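Asker: Would you mind keeping the following structure in view while I ask a few things?
The values are calculated or read from the model by the stated rules, or taken from the named source; none is laboratory data. Nothing here was measured: the structure is a model prediction, and the numbers come from that model. Neighbour counts are summed over all protein chains in view; Cβ atoms, including those assigned to glycine, are modelled from backbone coordinates with ideal geometry. Ligands, DNA and RNA are stripped out before the accessible areas are found, and what is left, the full protein with its side chains, is counted by its heavy atoms. Shrake-Rupley method; radii C 1.70, N 1.55, O 1.52, S 1.80 Å.
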Amino acid sequence: MKTLLKIFFALIVQSSLYSCIEDGIDTSPSAQPEFSVDTLKMGVVFTDQPTPTSRFMVYNRHDKVISISNISLRSGERYFRLNVDGFSGTYFQNVEIRPKDSIYVFVEATLRPNGVPELTDFNDVLDFTTNGVTKSVVLNATGQDVERLRGLRVESDMRLDATYPYQVYDSLVVAPGATLTIGEGASLHFHDKSFMRVEGTLITEGTPERPVSMAGDRTGNVVGDISFDLMSSQWEGLFFATGSSGSRLSHTVVRNTNYGVVADSLSQATFVNCRLRNSAAYALYGRYADLTLIGCEIAEAAEGAMSLTGGKAAVDNCTFANYYLFVYPRGPVVQLYHFNSKNDNESKMPYLEASFNNCIVYGLGTDLSAGDLTDSAVYFRRCLLKSEGKVDDNFIDCLWASDPLYNTVRNDYLFDYRLMDGSPALGAAKPELIPADAAVDFYGTPRGTTPNLGAYQAQKPAAEED
C-alpha cells in the first residue's frame, strides 16, 4: 500500500510539473526571440571544403518560456549545416528557451566551386517561427575558388600567376636547376604541416599594389577578436636549401610559420620590400648564408626577429621589431653569432660579415645579442637602437636608446611598424647609404630627399587610425 501511495504521489507531482511548464509557455504573438546578429557573416572561404564554424545566439528576453515551433533553412541548396542547442540537422521543431535565457546556433558550410576567379556570395535564410510569427537571420559566406597543389616538385622552370589563389598541401619544392616565378598579386595558402623548400631559384614579382602573399590557409577568428592571421605555426615555413642561389623576393609577405624563413649553408637570396613575420621560432634565420635585405620588415617571432650565424648579410633600411603576441620573446630582437674569435662556434666556417645601414632595431626585450663586435666585420651605420651605447668602429653615427614610435598596440592586436608623428626616425636616414632598390618602400612611397630610418617611408593614413 505504501509503495502504491508513493507511485501515486510521484505521478501527481510529475503531472503538476508538466502542467506548470506548459502553463509557463508564452503563446502571445508578441513573445518573439531576439538574435545576436541580423546577418551571420562567415567571411571569405575556399570552395569545396568545410568552413570554420560560426555561431550566433538566440535570446528569450521574456518572463515565460517561449517555444520556437519551427527552425529551418529557406532554400533547398543545403550549403549550410546547423547545430541548434546541441542538436545537428536542417529542420528543428518545438525548441524551447527558458525565461531570460538563450541558446547557441552553430553554422558551417561547404560552398560549391564558382568556376570563376571572382569571389561569389552564397546566402541562405534561417527562419524561426514562434507563435505564428516568422523572424529570420541571413547566413552569408563568400566563396573563393582555389587551385590545390599537393606535394608539387618543380623540376623545370614554372610560373604561378594570380588568377586563382593556391592552397598548398604537404610541400612545394623547387628542384636544383629549376626556377619558380610567382607573379604579382599571387597568394599561396599553406595547409597545416606543409612547407616550401627552394633547392633551385625562387623569384617573386610582387608590387606595392599587388604584393605576393605566403600564409596559412585558416580563415576567421581563433577566439574573440584574435584572427588566424595573428597565429603562428600554421605551416612550417620557407626554406632555402644548401646551394640554392639567385633567389629574389620582391614585395612579398611571409607569415604564420612555425620556423619562419630559413636560409641554410651556402644559400643565397635577396629580399626587397618584404615582410617576414609571425613565426614560432625566428622570422628569419640565416646560417652561413649570403643574404641581402632591402626595405624589409622582420618581426613578430617567439625566439627573436632575426638570427645570423656566420655568412654574409647586407641590410639596408630594414625594421627589426618584436612584439610577439603569445609569449614574451625568448631572445633579443637581432641575434648575431660566429662573428669573431671571441664568438667562435668552432665550426671552422668564415665569420659573419654584415652591414646594417639606416635600420631600426627595437622591440620587447633587448635589441642585440650580447657580444663585443670589436675585430669583427659587423657594422651598424646610422641605425636606431634600443640599447645605450657609443660610437666606435662598429657602431657609426647611431641613434641610441631611442623609441621609434611604431604604430603598434600589442594589447589591441595591432602590429603596424610605420612611424607615428614625432618619431626620431622620421627623416633621419642618410641618403648616401640608400641603395637603388630602396628608392620606394613596401607601400610604394618614395623615400625622397629626407628618408626615414627603417623599412617605411609611408606613415599610417588617417583613415586607418584606431
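Asker: If I fit a long axis through the Cα atoms of helix 2-23 and take the longest principal axis of the Cα atoms of the chain, what angle between them do I get, 0 to 90°, rounded to 10?
Answerer: Helix 2-23 sits at roughly 70 degrees to that axis.
Asker: Something else: Along the stretch 302-313, what does the Karplus equation 6.51 cos²θ - 1.76 cosθ + 1.60 (θ = phi - 60°) give for ³J(HN,Hα), rounded to whole Hz, x for Gly and Pro?
Answerer: Couplings: 5, 8, x, 5, 9, 10, 10, 10, x, x, 10, 8 Hz.
Asker: How would you rank 278-285, 77-84, highest first, on the average number of other Cβ atoms within 10 Å across their residues?
Answerer: 278-285, 77-84
Asker: Moving to a separate point now. Translational D (Stokes-Einstein, µm²/s) of the stretch 84-174 at 37 °C and 0.692 mPa s when Rh comes from the Kirkwood sum over C-alpha pairs?
Answerer: Answer, rounded: 187 µm²/s.
Asker: Also, I was wondering about something else. Projected onto the charge dipole of the chain (+1 at Lys/Arg Cβ, -1 at Asp/Glu Cβ, origin at the Cα centre), which of 322, 241, 94 gives the Cα projection farthest towards the positive end?
Answerer: Value computed over the given set: 94.
Asker: Cα-Cα over 22 Å: which of 64/135; 193/348; 342/386; 386/430; 312/342; 41/135?
Answerer: 193/348; 342/386, as the Cα separations exceed 22 Å there.
Asker: What value does the stretch 338-466 have for Rg/Rh, both radii from Cα atoms and Rh as Kirkwood defines it?
Answerer: So for the stretch 338-466, dividing Rg by the Kirkwood Rh gives 1.02.
Asker: Provide the packing ranking of 94-102, 447-455, i.e. peptides ordered by the mean count of other C-beta atoms within 10 Å per residue, highest first.
Answerer: Peptide ranking by packing, descending: 447-455, 94-102.
Asker: Something else now. How large is the accessible surface per residue of the stretch 43-187, computed with a 1.4 Å probe and reported in Å² as a whole number?
Answerer: 48 Å²
Asker: Here is a follow-up. Considering the convex hull of the alpha carbon atoms of the stretch 50-116, report its projected area averaged over all viewing directions, in nm², one decimal.
Answerer: 5.3 nm²
Asker: Could the peptides 264-271, 205-212, 316-323, 234-241 be put in order, highest first, of the mean number of other beta-carbon atoms found within 10 Å of their residues?
Answerer: 316-323, 234-241, 264-271, 205-212
Asker: May I pose another question? For the stretch 260-349, treating each Cα as an identical point scatterer without solvent, what Debye log10 I(q)/I(0) comes out at q = 0.17 1/Å?
Answerer: -0.67
Asker: I've got another one for you. List the extent of the Cα atoms of the stretch 206-297 along each of their three principal axes, largest first, rounded to whole Å.
Answerer: Over the stretch 206-297, Cα extents along the principal axes are 43, 29, 17 Å.
Asker: While we're here: Under the definition of Cα pairs under 8 Å and six or more residues apart, what whole-number percent is the relative contact order of the stretch 340-452?
Answerer: The value is 19 percent.
Asker: Further, regarding this structure: Determine, from the Cβ-Cβ distance of residue 91 and residue 157 and an R0 of 51 Å, the FRET efficiency 1/(1 + (r/R0)^6), rounded to the nearest 0.05.
Answerer: For R0 = 51 Å, the calculated efficiency reads 0.40.
Asker: Using the Karplus curve 6.51 cos²θ - 1.76 cosθ + 1.60 with θ = phi - 60°, what ³J(HN,Hα) values do you get for each residue of the stretch 270-287, in whole Hz, with x for Gly and Pro?
Answerer: Couplings: 10, 10, 10, 6, 10, 10, 10, 7, 6, 10, 7, 10, 9, 5, 9, 10, x, 10 Hz.
Asker: Right, something else. With every atom except the alpha carbons ignored, what do you get for Rg and Dmax of the stretch 147-279, in angstroms?
Answerer: 13.9, 46
Asker: Restricting attention to the stretch 365-466, which chymotrypsin sites (Phe, Trp or Tyr not before Pro) occupy a DSSP loop and are surrounded by at most 16 other Cβ atoms within 10 Å?
Answerer: 400, 413
Asker: While we're on this one: I'd like the carbon and sulfur percentage of the solvent accessible area for the chain, probe radius 1.4 Å, heavy atoms only, ligands and nucleic acids excluded.
Answerer: 51 percent
Asker: Express the accessible area of the stretch 305-360 per residue in Å², computed with a 1.4 Å probe while the remaining protein chains stay in the model.
Answerer: 37 Å²
Asker: In debye, nearest 20, what is the charge dipole magnitude of the chain about its Cα centre with +1 on Lys and Arg Cβ and -1 on Asp and Glu Cβ, if you could check?
Answerer: 960 debye
Asker: Another one. Output wanted: per-residue J couplings in Hz (rounded whole) for the stretch 321-333, from phi through Karplus 6.51 cos²θ - 1.76 cosθ + 1.60, θ = phi - 60°, x for Gly and Pro.
Answerer: Rounded to whole hertz, the list is 9, 8, 10, 3, 7, 9, 9, 5, x, 7, x, x, 4.
Asker: Is there a quick way to get the dipole size of the stretch 111-264? I mean about its Cα centre, with the Cβ of Lys and Arg at +1 and of Asp and Glu at -1; what is the value in debye to the nearest 20?
Answerer: 220 debye
Asker: Given the Cα atoms of the chain, and with Rh set as the inverse mean 1/r over their pairs in the Kirkwood sense, what is Rg to Rh to two decimals?
Answerer: When Rh is taken as the Kirkwood radius, the ratio is 1.14.
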